[in-house]
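Visitor: Structure provided below as structure tokens; questions to follow.
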Amino acid sequence: MFLFLREASRNTLPPCLCLFPDKVVAAINAGGSSILDTSFGIDFVDDRFFSGGDVLRTAEDIVDAQEPSLYRTARYGEVTYALDGLESGDYYVDIHFAEIIFTNGPPGMRIFDVYIQDEKVVSDLDVYGRVGSNRPLILLNVRAAVNGGVLTLAFRGVVGNPTISAICVHRAPPLGAEPVVSHDQFTSLRWKTARSRMLADSRFMRDKSRGAVTESEQRLEELRNECHQAWISVQESNRQAEKLRDELSVKSLTVDTLANAVETQVLELRDLKEKEMNEKTKLKLAVSDAQRKVEELRILYSLLSKDARDCICSFPDPHGMVSAVQALVNEQKELKKRLLDESQERKFLYNKLIEMKGNFLPGNVRVFCRCRPLNASEASASSVSLVEFDSARENELVIRAGTNPKKLYKFDRVFTPEDDQPEVFADTSPVVVSVLDGYNVCIFAYGQTGTGKTFTMEGIPGNRGVNYRTLEELFRLSTVRKGEVNYEIKVSVLEVYNEQIRDLLTTPSQAGLAPKRLEIKQDADGGHRVPGLVEAEVHSMTEVWEVLQSGSAARAVGSTNANEHSSRSHCMLCVKVRGENMTTGECTRSKLWLVDLAGSERVAKSDVQGDRLKEAQNINKSLSALGDVIHALTTKSNHVPYRNSKLTHLLQDSLGGESKTLMFVQISPTEADVGETLCSLNFASRVRGVEMGPAKKQLDSSEFFKYKQMAEKAKQDVKTKDDSVRRLEDSLRTTESKLKVKEQLCQSLAEKVKD
């Protein structure tokens, strides 16, 4: 997402950029088209000689830039430039940067290294940390030697992806021939002011005054004219300031009018919310009534099936049997049709209920916010919670950030520190059970380290989390639907550690042997899978608990200054469900992801080193990739960078597919964590705006042939029954004819007896 700032100034860049335009051998506008006749005296060509990366653009002005259009485009990502065809010798390289993406910071969101001729010349460059956003930063006069005709420049991300605005290469003079501006000095260089020119001219006049009195007088007159022009400019500025004050008064009146309009809209929204609550109540009653009708139909179907079997065993007369069979077949067809209609209506009302509980947009990601309570050390230090809750509004919270104004956030559901695991799962279960109806579902927890993500997802033995309660609910519903739908449930547990996929259910490898490398593959139907991943089939909660314990014990954890037991990987529980409807023969294959993301952390705050530093960098990189995916989905970009991280690649089916997605954003109530809390809440607000389209039932394509065979068999059965009915009708007509003959014979015999 690009932000727009003030117009830039042309008098703030170092003049040495424009001194020797005739020595320039290559000038490239990274990510953009050619820019000719620039104020540098240099023509910048369109982007070329690169490999890797994407293009970013912004329409906003760049502050303090001599050539603002040069910084409105950038090449973004892991990029390498190879400029060939250069003569051997020494060159100066100037590289232009500007932060045009994360314009509100914070520092540390994009850090990268710069390599020239495979040698690192700058380490951990943070453009925002040095100059802020929408301001140029120039790496100036870096000397590089070219021997083979090729000059290479590489940019490698440490946190996030690098951005490059322009590259300029020019001939370097011999060593010692002219001064080189250092890296720490070049941002402070400015054009000389009018006063410094006047002082220089005055000294020159004093030195030459003995022989050039006339020239000095002319110069003095010119300076007087310049002063007069400056006075005129000041008068014009005063008039502009008065005009701006008038405009400010008009805008103040406009603001008052808008405030009144907003108050009116708030009242209207309150009335609309009351109407929506009434609609929710009606919908719940409709769902309950539909479920009662389905149960009645199921009982009626069982009774009719028993009556049909009794009827077949009793074998009445042919005519009655034919009529009874036909009536029974017709009644069964009607009941089957009614059962299917009621089942479809139940699923429709159930999905509608889920949408009504959320943000009323059927394709959006649902977001729940949960705030942890103050821990013992925070309570002993008399810390005060900065998060305010309103019991009348269960989907809103307010953050008090010091002297700054309060900030209001809205989500699908907000849980206070007093809400326990059963209350959290009560609002989560409607999304979870959709997996039994054939829909893909994804639930993941996001937030700063130490905010309770693992507690929400896994819980503790005496107070289970979402993972355990989800599988418990799936087994309960599969038992209720037994006889109507048969289910097969398989569970996998894996983690993404340092951008590597690790199977947490596999047996330890032998000594000296490296663990098997797991990669993500795409199925023929477009889905994604991990070949070689252990899938444990479970039939009871005892087996489920053993699997969850095994996976949790193998997960990578560590201690940092921010959290004593910090998760150092993204833990992912995958539940695959295959369902077969015994009435219709329909088969579904659905997938449920339960993801405990590693906590986002700032390296300076967690004070990690060595392996912990590498882990933190990989965690922040994957979370940054997740942020890039959310940004692309929010802006409906044609390209969504799922493959920038193993985490986003695994979740591609859930984040961008036809599935139901729920996000838990975990926050801390303390003032020490307010920066991370605001970042998490802002990210969650963007996630809530992602539109993925309505969820779609995942039918099992392998069952299509089976359905065809069942249809052929049904046709054959109907044909056989029709033949049987015809034979019974023929037999009935023959019996009736014989009966008439016997009646006539009896009548004639009776008449003879009378005679």
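The values are calculated or read from the model by the stated rules, or taken from the named source; none is laboratory data. Source: prediction; values computed, not measured. When we count neighbours, we look across all protein chains shown, and the Cβ atoms used for this are built from the backbone with ideal geometry, even at glycine. Note: accessible area is taken over every heavy atom of the protein model, side chains too, but ligands, DNA and RNA are not part of it. Shrake-Rupley method; radii C 1.70, N 1.55, O 1.52, S 1.80 Å.
Visitor: Out of the residues in the range 428-473 that are among the charged types (D, E, K, R) and more than 21 Å from the chain's Cα centre (by Cα), which is most open to solvent (accessible area, probe 1.4 Å)? Break it down into steps so the answer makes sense when it comes.
Guide: Taking the range 428-473 as the starting set, the residues that turn out to be among the charged types (D, E, K, R) are 437, 453, 458, 464, 469, 472-473.
If we keep only those that are more than 21 Å from the chain's Cα centre (by Cα) as well, we get 437, 458, 464, 469, 472-473.
Working: 437: 12, 458: 49, 464: 49, 469: 53, 472: 87, 473: 38 Å².
That would be 472.
Visitor: Condition first: in contact (Cβ under 8 Å) with a residue 60 or more places away in the chain and open to solvent by less than 80 Å² (accessible area, probe 1.4 Å). Now tell me which residues in the range 264-282 satisfy that. Before the answer, list the steps.
Guide: Going through the range 264-282, the residues in contact (Cβ under 8 Å) with a residue 60 or more places away in the chain turn out to be 276, 279-280.
Scanning the range 264-282 gives 276, 280.
Visitor: Output the residues belonging to the range 385-409 that are open to solvent by 40 Å² or more (accessible area, probe 1.4 Å), part of a strand (DSSP E or B) and either acidic (Asp, Glu) or touching a residue at least 40 places away in the same chain (Cβ under 8 Å) (or both).
Guide: Passing the criteria: 388, 390, 394, 407.
Visitor: Something else about it: Among the residues of the range 713-755, write down those that are among the polar types (S, T, N, Q) and open to solvent by 90 Å² or more (accessible area, probe 1.4 Å). Explain how you work it out, then say what you get.
Guide: Taking the range 713-755 as the starting set, the residues that turn out to be among the polar types (S, T, N, Q) are 716, 720, 724, 731, 734-735, 737, 744, 747-748.
716, 744, 747 - these are the residues of the range 713-755 that are among the polar types (S, T, N, Q) and open to solvent by 90 Å² or more (accessible area, probe 1.4 Å).
Visitor: Let me confirm something: among 56, 70, which residue is among the hydrophobic types (A, V, I, L, M, F, W, C) and surrounded by fewer than 22 Cβ atoms within 10 Å (Cβ to Cβ)? I'd like the intermediate steps shown before the answer.
Guide: Numbers: 70 fails: surrounded by fewer than 22 Cβ atoms within 10 Å (Cβ to Cβ).
Result: 56 is the single residue among 56, 70 that is among the hydrophobic types (A, V, I, L, M, F, W, C) and surrounded by fewer than 22 Cβ atoms within 10 Å (Cβ to Cβ).
Visitor: Still on this structure, please answer the following. Quick check: is even one residue across the range 726-743 of a type in the set (Val, Ile, Thr), modelled with pLDDT under 75 and assigned to a helix (DSSP H, G or I)? Full working, then the answer.
Guide: Taking the range 726-743 first, the residues of a type in the set (Val, Ile, Thr) are 734-735, 741.
Of the ones still in play, those that are also modelled with pLDDT under 75 are none.
There is no residue in the range 726-743 that is of a type in the set (Val, Ile, Thr), modelled with pLDDT under 75 and assigned to a helix (DSSP H, G or I).
One line per residue, one yes/no per condition, for (1) touching a Pro at 6+ places or on another chain (Cβ under 8 Å); (2) at pLDDT 80 or above; (3) surrounded by 10 or more Cβ atoms within 10 Å (Cβ to Cβ):
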position	(1), (2), (3)
214	no, no, no
284	no, yes, yes
295	no, yes, yes
319	no, no, yes
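Visitor: Exactly one of these conditions fails for residue 311: (1) over 30 Å from residue 661 (Cβ atoms); (2) at pLDDT 70 or above. Give me its number.
Guide: Here residue 311 clears every test but (2).
Visitor: From the list 61, 84, exactly one residue is open to solvent by 50 Å² or more (accessible area, probe 1.4 Å) and among the acidic types (Asp, Glu). Which is it? Walk me through how you get there before you give the answer.
Guide: On the way: 61 fails: open to solvent by 50 Å² or more (accessible area, probe 1.4 Å).
So the residue among 61, 84 that is open to solvent by 50 Å² or more (accessible area, probe 1.4 Å) and among the acidic types (Asp, Glu) is 84.
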